[in-house]
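Worksheet: the structure to be examined is printed underneath.
Since every read-out is calculated from the coordinates, none of them should be taken as a lab result. Predicted model only: the values in this text are computed from it and were never measured. Every residue, glycine among them, receives a Cβ derived from its backbone with ideal geometry; neighbour counts consider all protein chains shown.
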Amino acid sequence: MFGYTMDEVGNIMVMQGFSGLSLFSVLLLMALGLAIIFGQMGVINMAHGEFMMVGAYTAVFMSKLAVKYEMVNSYFVFAIIAAFILAFLIGYLVEYLLIRHLYKRPLDTLLATWGLSLVMQQTFRSSFGAKEVSAELPEWLLGSFKPTADIDIPINGVFVMVLALVVTLGVYFFMFRSRGGLRVRATVQNRVMASAVGINTQKVDRLTFALGCGIAGVSGAAFTTISSTGPTTGSLYIVDSFMVVVFGGAASLMGTIASAFGIAQAQSILQFFMTSSMGKVATLMTIVIILMMRPEGLFASKVRR
Amino acid sequence: MKELSDKLLGGRQGAVGLAILALLLFVVFPLCLDLFRLGLLGKYVTYAFVAVSLVLLWGNGGILSLGQGMFFGLGGYCMAMFLKLEASDPVSTKIQTTPGIPDFMDWNQLTELPWFWLPFKSLPLTLVLVLVVPTLLAFIIGYAMFKRRVGGVYFAIITQAIALILSILIIGQQGYTGGVNGITDLKTMLGWDIRTDSAKYILYFVNAGLLIGCMLLARYILTSKFGMLLLAMRDKEERVRFSGYDVSNFKIFIFCVAAMMSGIGGAMFTLQVGFMSPSFVGIVPSIEMVIFAAVGGRMSLIGAVYGTLLVNFGRTMFSETFPELWLFLMGGLFIAVVMFFPDGLAGIYDKYARKFNIAGVTSKYVAKFSKKAAKMIGEKYE
């Protein structure tokens, strides 16, 4: 098979599968925030990548502080919390100043948030410089597992995976097992009725948007463990994460997970056998073609239109 | 005859606006700007094709395509492939391992011209393909999406993804497309050197003429019954469908027209600027062009052209003096236009200028001025 022995193919499968899994975790983390904002509220947030970068830069900044005060081994937990809080606050502000005026014009939110993303990119560039920066990683994140001689699994990938799992569970419990989530779902399903039974829908909108941004911040912080951070890094992932959300079916958490998994695995396996760009082209093409045949995505919520 | 001219020009108001624009493009700018600035302006005018196409598609049809850059790019690439083949004749490429093929193919160890380059050996065929390739792609995308009633936000995201695919494809297939550098070193068109000063003037005028032509066509479409339907579809799609019209066919048609216009713009871009690269195909240029149209006024053909020119001049000026500030300004502009002036410059003009009958007053001055200008041009070129 392609000039490899069966043993090698097996190892390649494991390693590519794993790199697919860590891509899956990154995509899932990014898409979760977007699935809340786009799937639940119908707002196209083109600045989502930049909210991710808010988290990433927070983590980098915290790591600089940690080096100064010699807390490198424990700062990362705080970095994730700080990234969430900062991105949440900025998201809250953005919703208040910008998004809430545009709910009736979804295509215009797209343009306005694109403008916002430009402003944020330039802010990063002016304050942190145009060069890519990376966080000081604690020692327990470096290195790799070696179950057999040929298989090599990096620990930071495992960490991102665990984090993705935790955040996904958190989103699940918030959306489906808490009063807050109930309010969000009620507002999405029927805004007028929700407000008639006493839900403050404007406040729900603001918190939902801010929560989505906060999760983007967490994913950005996680992102620093596997890659360096530049002002435009976020914009590289924006189309991918939109594809994940749309492909999975906009309002479905399961769909988002499944499509992030499918896209990440397809991409990393195809990228091994073709060139990296052709693998990406093939994956995206497949998604676009499937979406053309099934516009509602993989896991459509059953609603009458 | 009267009816046709009304339809093309859009009544007195439209005619005056178009006349002022034509006067600026054909007389004022060529007289006032040096050749370098005029070249820049010509480049911006090619973007205006896309802005005009977006007025049709987005402002009047309510279909936001975030992939207009790919049609612009395809038109441009078609033209660039023809010019590149002419520039790499066997004599001037005899140092290559395989003379007669473009230099980047030689660097990538290709020994034969790929099949899809073959049609670009002939100019008439190239000119046809400049129109056909973007239109055909638009037809395929449009047919697949509109027949299944994909619209609005989903259409925007999917066209954006397709633009991304195309730009990755062009960058990845370096041997066939020139990769990230694009197709450069374009010299002549049927032996006519496109880099001389006189050629630059001629190309500028052809470009401006084509833009006015596209605007007339767009105006004709908008004032026809089809234009009414387009507006109706934007506002109440279901109602139009229930009245017995096939909405998807109209959408496909307008998407194809918009793609064709963008393609013409791209081809003119290649001719004037002398290269084509994937940086005009992907997500960023596509969305920037939407902004040009939004700044000028998404409902106004003339406004969109002014919007394009202003934003681009602003960009050039600011990135010369304060490169740091430009992105802030551009981002702020997007937000401000969307939030406070959804109808763009044209909306502001309508709101304030009409009160003072500016059109009437200017048309008088325009008539006076054009006589003077005609005299001046006569003197300059004698």
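The GNM of chain A, with springs linking C-alpha atoms under 10 angstrom apart, assigns the highest mean-square fluctuation among A:Val119, A:Val54, A:Val197 to A:Val197.
Note on chain B: GNM, Cα springs under 10 Å; of B:Ser300, B:Ser88, B:Ser262, the largest mean-square fluctuation is that of B:Ser88.
In terms of its Cα atoms, the stretch A:22-236 spans 61, 39, 33 Å along the principal axes, sorted from long to short. The Cα trace of the protein assembly as shown gives Rg and Dmax of 26.9, 87 Å, the first to one decimal, the second as a whole number. In the calculated pair-distance distribution of chain B, the portion above 30 angstrom amounts to 42 percent of the Cα-Cα pairs. Legend: distances between Cα atoms for A:Lys68/A:Lys203; B:Lys84/B:Lys375; A:Lys68/A:Lys131; A:Lys280/B:Lys200; A:Lys64/A:Lys280; B:Lys225/B:Lys351; pairs beyond 31 Å are A:Lys68/A:Lys203; B:Lys84/B:Lys375; A:Lys280/B:Lys200; A:Lys64/A:Lys280. Going from the fewest other Cβ atoms within 10 Å to the most, the residues A:Tyr75, A:Tyr69, B:Tyr154 appear in the order A:Tyr69, B:Tyr154, A:Tyr75. Each part gets one Cα centre, and for the stretch B:65-84 versus the stretch A:240-278 those centres are 28 Å apart. For the stretch A:172-305, the relative contact order comes to 18 percent (Cα pairs under 8 Å, sequence separation of at least 6).
Highest mobility in the GNM of chain B, judged by mean-square fluctuation with C-alpha springs under 10 Å and restricted to B:Gly14, B:Gly332, B:Gly178, is found for B:Gly332. Gyration tensor analysis over the Cα atoms of the stretch B:1-105 returns equivalent ellipsoid semi-axes of 38, 21, 13 Å (largest first, whole Å).
Note on B:Phe116 and A:Asn200: the model spin-label points, each 7 Å out from Cα along the C-beta direction, lie 5.6 nm apart. In terms of surrounding Cβ atoms within a 10 Å radius of their Cβ, A:Asp240, B:Asp185 rank from fewest to most as B:Asp185, A:Asp240.
Span-like helix check, chain B: qualifying full DSSP H segments, with Cα axial length of 24 Å or more and mean Kyte-Doolittle of -0.5 or more, are B:35-54, B:68-87, B:123-146, B:152-172, B:197-223, B:247-273, B:301-321, B:323-340, B:358-381. Each other residue within a Cβ distance under 12 Å of B:Asp34 adds +1 if Lys or Arg and -1 if Asp or Glu, for a net charge of +1. Mind running the shape call on the stretch A:216-286? Use the C-alpha gyration tensor, a ≥ b ≥ c as the square roots of the eigenvalues: rounded below 1.5 for a/c, prolate if a/b tops b/c, oblate otherwise. It comes out oblate by the Cα gyration axes. Averaging the sequence gap over all C-alpha pairs within less than 8 Å and six or more residues apart, then dividing by the number of residues, gives chain A a relative contact order of 35 percent. Each peptide among B:45-55, B:126-136, A:180-190 gets the average number of other Cβ atoms lying within 10 Å of its residues, and from highest to lowest they stand as B:45-55, B:126-136, A:180-190.
Can you give the FRET efficiency for B:Thr97 and B:Lys187, using 1/(1 + (r/R0)^6), R0 = 22 Å, r = Cβ-Cβ distance, to the nearest 0.05? That gives a FRET efficiency of 0.55. Cβ-Cβ distance of A:Lys104 and B:Lys225, R₀ of 25 Å, FRET efficiency by 1/(1 + (r/R0)^6): the value works out to about 0.30. In this calculation the C-beta distance from A:Phe78 to A:Ser276 is compared with R0 = 56 Å, giving a FRET efficiency of 0.95.
Net charge dipole, the stretch A:22-236: roughly 900 debye, given to the nearest 20, about the Cα centre with Cβ charges of +1 for Lys and Arg and -1 for Asp and Glu.
The stretch A:83-127 and the stretch A:17-66 have Cα centres lying 15 Å from one another. Across peptide A:102-113, the average count of Cβ atoms from other chains found within 10 Å of a residue's Cβ is 5. Across all directions, the shadow cast by the convex hull of the stretch B:175-275 built on its C-alpha atoms averages 9.3 square nanometres. With K and R counted +1 and D and E -1, the other residues having a Cβ less than 15 Å from that of B:Asp106 yield a net charge of -2. In percent, rounded to a whole number, the relative contact order of chain B is 31, using alpha-carbon pairs under 8 Å and six or more apart.
Count Lys and Arg as plus one, Asp and Glu as minus one, and take only other residues whose Cβ is under 11 Å from that of A:Thr233; the net charge is then -2. Using every pair of distinct Cα positions in the stretch B:74-227, the Kirkwood expression returns a hydrodynamic radius of 18.1 angstrom. Remark: the protein assembly as shown carries a charge dipole of roughly 2980 debye about the Cα centre, counting +1 on each Lys and Arg Cβ and -1 on each Asp and Glu Cβ.
Cross-link partners for B:Lys187 among the aspartates and glutamates, with Cα-Cα distance under 18 Å and sequence neighbours closer than 8 places in the same chain left out: B:Glu86, B:Asp89, B:Asp103, B:Asp197. Inter-chain Cβ neighbour count for B:142-150, averaged per residue, equals 3 (cutoff 10 Å, partner chain atoms only).
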